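Written out below as structure tokens is the structure these notes cover.
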Amino acid sequence: MSLKTPAARGGLVGIILFVACIIWGYLLPSAAASLHFNLLQIVWPFFSLSLSGLIISLVQSYIYGWLFGWVVSWIITGRRS
């Protein structure tokens with residue numbers, strides 16, 4: 001089994017989770033939304049509500065998901081490439 005396919009799927013899951021977090025932040029009351037966006041800025045250092053900040057955060061989400069998917073598939077396949 002190739003490690004690239006699960007890694008790419010992990011990247012897509014990372015993007016989906018990031019978009020879900022952004023939508024969830026808009027659905028929260030204002031006090032909780034403030035905390036939520038502060039936590040997003042901790043996880044994604046360049047996060048902001050500008051277009052460039054969202055694009056950079058999407059790229060970071062893909063990379064985090066790709067790395068997570070690669071590590072999980074590496075562990076499952078018995079650490080063989």
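What chymotrypsin sites (Phe, Trp or Tyr not before Pro) does the chain have in DSSP loop regions with at most 15 other beta carbons within 10 Å?
In loop regions of the chain (DSSP not H, G, I, E or B), the sparsely surrounded chymotrypsin sites (Phe, Trp or Tyr not before Pro) are 46.
The list (i) 17, 13, 12; (ii) 18, 14, 10; (iii) 30, 12, 10 gives values of semi-axes √(5λ) of the Cα gyration tensor in Å, and only one came from this structure; which label was calculated from it?
(iii)
Once label points are set 7 Å from the Cα along Cα→Cβ at both residue 41 and residue 17, what is their separation, rounded to one decimal in nm?
2.2 nm
Can you tell me the relative contact order of the chain? Whole percent, Cα pairs under 8 Å, sequence separation 6 or more.
Computed value for the chain: 54 percent relative contact order.
Every number in this text was worked out from the coordinates using simple rules, so none of it is lab data. Everything numeric in this text was worked out from a predicted model, so none of it was measured. Heads up, the Cβs are rebuilt from the backbone with ideal geometry, glycines too, and the neighbour counts pull from every protein chain shown.
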